[in-house]
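The values are calculated or read from the model by the stated rules, or taken from the named source; none is laboratory data. These numbers come from a predicted model, not from an experiment. Please note: Cβ atoms are built from the backbone with ideal geometry, for glycine as well, and neighbour counts cover all protein chains shown.
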Amino acid sequence: MLGLGKKDTTLLIVVAVLTLCAPFILNPFPAGSAMAQFNAGYPDLMQRFVIFGIFAVGFNILFGLTGYLSFGHAAFLGVGSYSAVWIFKLFTYNVLPAIALSVVVAGLFSLLIGFVSLRRSGIYFSILTLAFAQMSFALAYSVLSNPKFNLTNGETGLQVYTDDPQWFHSDRLPDLPHLFGLSMRATHTMHMGDWSFSFNTGYYLCAVVMLLVFYLAIRIFRSPFGMMLRAVKSNQQRMNYTGLNTRPYTLAAFVISGMYAGLAGGLMAAMDPLAGAERMQWTASGEVVLMTILGGTGTLIGPVLGAGFIKYFENIFSKINDTVLHGWFGFLPDGLEDVMVFIVHPFIGKGWHLTLGLLFMLVVIFLPGGLVEGGQRLARWIRGRRAEDSRRKTEPAE
Amino acid sequence: MDAFLLQILNGLDKGSAYALIALGLTLIFGTLGVVNFAHGALFMIGAFCAVTLERLLTLSFETIDPTKTDFLGNPLKVKTPYVESWFGPETGAAIIDWSVPLALIFAIPVMLAIGYAMERGLIKHFYKRPHADQILVTFGLAIVLQEVVKYFFGANPIQTPPPEALRGSVDLGQMIGFQANAIIYPIWRLIYFFFAVAVIGGVFAFLQFTTFGMVVRAGMADRETVGLLGINIDRRFTIMFGIAAAVAGLAGVMYGPLNPPNYHMGMDFLVLSFVVVVVGGMGSLPGAVLAGFLLGILESFASTTWATTTLPGINQIIIYLVAIIILLTRPRGLMGRKGVMED
């Protein structure tokens, strides 16, 4: 179907069903019950799942296929956000032109950066992209926000003010990002007994966009172009010796993944019309690397899983506090309860980054293939087969 | 002329920090072939060694002084640090005052131990893994170290003042024959520069004039052959990792008085230090040092009012711009050797 193999079609359908039914799936516990804090089915969080899913899928096209590890992808996301907010400020709150422009601008920006950074490979490439991203961050944070030429509004972040021109805006339209009059914030809440499910326009827009670009990613993975990128990863030198110039291919991959990042940035601005420089910091780039690795580099579904996993646990872990912990360990004798709370305390709440760092190290050390490999190992173990012969390793471009 | 000199001097302290961190990065890269994203965290841990020592020294007990009362009329509680009660009030106070320089002695074994543990415990297992994995695992480690420090010391910067005698400024201009008050320079920044020069000189001398250093240099050039000669090169490289960690740590200890340490100071320096290493030439020790000082001075020139009014914000991006230009015109960096990271 749609030019996909049988397996890929199944995958796409599964992802489609999961994303479209997410408001149900992510809200398994009745509202008001003790377990309700594990629900993730509210619009804001679901939007983040999907947007970071797009970001990670795009990053995976570069890192998973060609092995080039970019540490600067957050810059494209930030550029996408800024362009979208500029459309809101100057023309209209309609999200389509905003998203389109963010993709285009991020594409041009990544073309520029990719043209320079791809002259080097391996570590040099990582450091170059890192330097570019930090430079963009510095530009956005302070350089491009002086009174004479205010492009980014510095520390405050770029946002829409009432005295902005908004030439195509009319009074009939909502005063928020919308799709032909349908506000992104519009949410329909459905009550079923104790359960409540919310259906949000913004989320469904993101979900549809994600399904489209996910389909595109599958096509890229299966195309001759994708094959060429994999060849770059396994042995670039040999490719060069056969007389083939690999740079156009890697550059194309870089630009495509930059456009994915721009799309994610545009959607982020569409959900909340605000763009800040902190989105471009290199820790943000590190986060998308993390999502991709955690899910499974070079696999189709991995990045989406990783993005969902990290955003979900970020949300849950940040919410847990000592009172909740005491509730959990309440069944233990008092002394032991306090010890358990004391042990777990550094990892929750504000300590989420510590957990994340540890998780990251553990995954890189023990499970380089990420969750997908973990699942495969588990499946093999259940089937009782030996795993050694079919284990695949990822090698980066050197 | 004196304004010119002042800008050069202004760039020296940051340049020294860049040079020290970049030197450690290059040492690790040249010996073990590992890109250490946790090196900035080591710099930060060094700075927190000074904070820890200061806290240890000021550990105190309370005594009640019945002759005096506080503003509520209760007997006054007097806090006396243990150090003062052991060594007498004057010596004790002096020891606390000199806690930052003393932290150097404290930091060396701590940093060597941390470096050794890091190499044996984690990095050892990553020699055969791709560079991307090395980058990722050390990046994870950097986050963990940073968060651990944040957990114990909080997120706010912590003041670590230099000793009383070394605060304030000197009139450098007058010393070298300019008119008075033309070049006023803080003493501690001068000390930082000389300290950096001493450490860098020490590392180079160690590599150049000792048998150990000779073996290490041989190992950097051809690890396999040195191994075949029956020398346990891995053990020596582990020690070099410890030394690199110590260099970063010492740079951090001494940097505290210039800029109050906080938990993310390492990350801020790390990115720039990578740029410095790349500009200097991957794997070249003199290149790293040279590029560190050059970029520090360049940054200081870009921060002058003249530069920032002509091109607003140029001081924020100048280093990256230079790095990009250098990489495009001289891909190996200023003093890069042939064959490093080129296969």
Scanning the range A:175-200 residue by residue, the ones that are outside any strand (DSSP E or B), surrounded by 14 or more Cβ atoms within 10 Å (Cβ to Cβ) and not basic (Lys, Arg) total 4
Of the residues in the range A:319-352, those that are within 31 Å of the chain's Cα centre (by Cα) and under 19 Å from residue A:37 (Cα atoms) number 14
Here is a list of conditions, (1) touching a helix residue (DSSP H, G or I) at 6+ places or on another chain (Cβ under 7 Å); (2) hydroxyl-bearing (Ser, Thr, Tyr); (3) in contact (Cβ under 8 Å) with a residue 12 or more places away in the chain, and residue A:92 meets all of them except one; can you say which number that is?
(1)
Give the range A:120-139 a look and list any residue that's more than 21 Å from the chain's Cα centre (by Cα) and more than 7 Å from every other protein chain (Cβ to nearest Cβ), or say none.
A:121, A:125
What number of residues in the range B:137-183 are buried (at least 17 other Cβ atoms within 10 Å of the Cβ), of a type in the set (A, V, I, L, M) and within 14 Å of chain A (Cβ to nearest Cβ)?
8
Which residues, counting only those in the range B:170-197, are in a helix (DSSP H, G or I) and within 21 Å of residue B:259 (Cα to Cα)?
B:187, B:188, B:189, B:190, B:191, B:192, B:193, B:194, B:195, B:196, B:197
For the range B:127-136, what are the residues that are buried (at least 24 other Cβ atoms within 10 Å of the Cβ) and modelled with pLDDT under 85?
B:132
Between a residue in the range A:194-216 that is polar (S, T, N, Q) and any residue that is crowded, with 17+ Cβ neighbours inside 10 Å and in a helix (DSSP H, G or I), which pairs come within a Cβ distance under 7 Å, given they are 6 or more apart or on different chains?
A:198/A:23; A:198/A:43; A:200/A:43
Of everything in the range A:140-172 that's within 10 Å of another protein chain (Cβ to nearest Cβ) and part of a loop (DSSP other than H, G, I, E, B), which residue is surrounded by the most Cβ atoms within 10 Å (Cβ to Cβ)?
A:144
Can you confirm whether the range A:201-209 contains a residue that is farther than 14 Å from residue A:60 by Cβ and not in a helix (DSSP H, G or I)?
no
The condition of being under 23 Å from residue B:187 (Cα atoms) and without any contact (Cβ under 8 Å) to a residue 60 or more places away in the chain holds, among B:104, B:57, B:53, B:72, only for B:53
Reported set for the range A:171-193 where residues are out of contact with any Ser or Thr (no Cβ under 9 Å at 6 or more places or on another chain) and free of Cβ contacts under 8 Å to residues at least 40 places away in the same chain is A:171, A:172, A:181, A:191, A:192
Picked from the range A:201-233 (must be surrounded by 15 or more Cβ atoms within 10 Å (Cβ to Cβ) and among the small types (Gly, Ala, Ser)), the residue farthest from residue A:42 (Cα to Cα) is A:231
How many residues does the range A:223-268 hold that are more than 30 Å from residue A:85 (Cβ to Cβ) and not hydroxyl-bearing (Ser, Thr, Tyr)?
21
I'd like to know if the range B:86-99 contains one or more residues that are within 15 Å of residue B:241 (Cα to Cα) and either within 14 Å of chain A (Cβ to nearest Cβ) or in a loop (DSSP other than H, G, I, E, B) (or both).
no
Within the range B:45-92, considering residues that are of a type in the set (A, V, I, L, M) and in contact with a helix residue (DSSP H, G or I) (Cβ under 7 Å, 6 or more places away or on another chain), the one modelled with the lowest pLDDT:
B:83
Taking the residues in the range A:273-296 that are surrounded by fewer than 24 Cβ atoms within 10 Å (Cβ to Cβ) and of a type in the set (S, T, N, Q) as candidates, determine which candidate is nearest to the other protein chains (Cβ to nearest Cβ).
A:283
Would you be able to tell me the number of residues in the range B:215-258 that are under 21 Å from residue B:148 (Cβ atoms) and among the polar types (S, T, N, Q)?
0
Taking the condition of being within 13 Å of residue B:30 (Cβ to Cβ) and surrounded by fewer than 17 Cβ atoms within 10 Å (Cβ to Cβ), how many residues in the range B:205-222 meet it?
4
Among (1) more than 17 Å from residue A:295 (Cβ to Cβ); (2) more than 9 Å from chain B (Cβ to nearest Cβ); (3) modelled with pLDDT under 85, which single condition is residue A:392 missing?
(1)
Top-ranked residue in the range A:186-231 [being hydroxyl-bearing (Ser, Thr, Tyr) and within 28 Å of residue A:5 (Cα to Cα); ranked as farthest from the chain's Cα centre (by Cα)]:
A:223
Between a first residue in the range A:137-159 that is in contact (Cβ under 8 Å) with a residue 24 or more places away in the chain and a second residue that is among the small types (Gly, Ala, Ser) and surrounded by fewer than 11 Cβ atoms within 10 Å (Cβ to Cβ), which pairs have beta carbons less than 6 Å apart while being 6 or more apart in sequence or on different chains?
none
In contact with a helix residue (DSSP H, G or I) (Cβ under 8 Å, 6 or more places away or on another chain), within 14 Å of chain A (Cβ to nearest Cβ) and surrounded by 17 or more Cβ atoms within 10 Å (Cβ to Cβ): is that true of residue B:110 in this structure?
no
Pairs needed: first member in the range A:1-29, among the hydrophobic types (A, V, I, L, M, F, W, C); second member anywhere, modelled with pLDDT under 85 and assigned to a helix (DSSP H, G or I); C-beta distance under 6 Å; at least 6 residues apart or different chains.
A:29/A:35; A:29/A:36
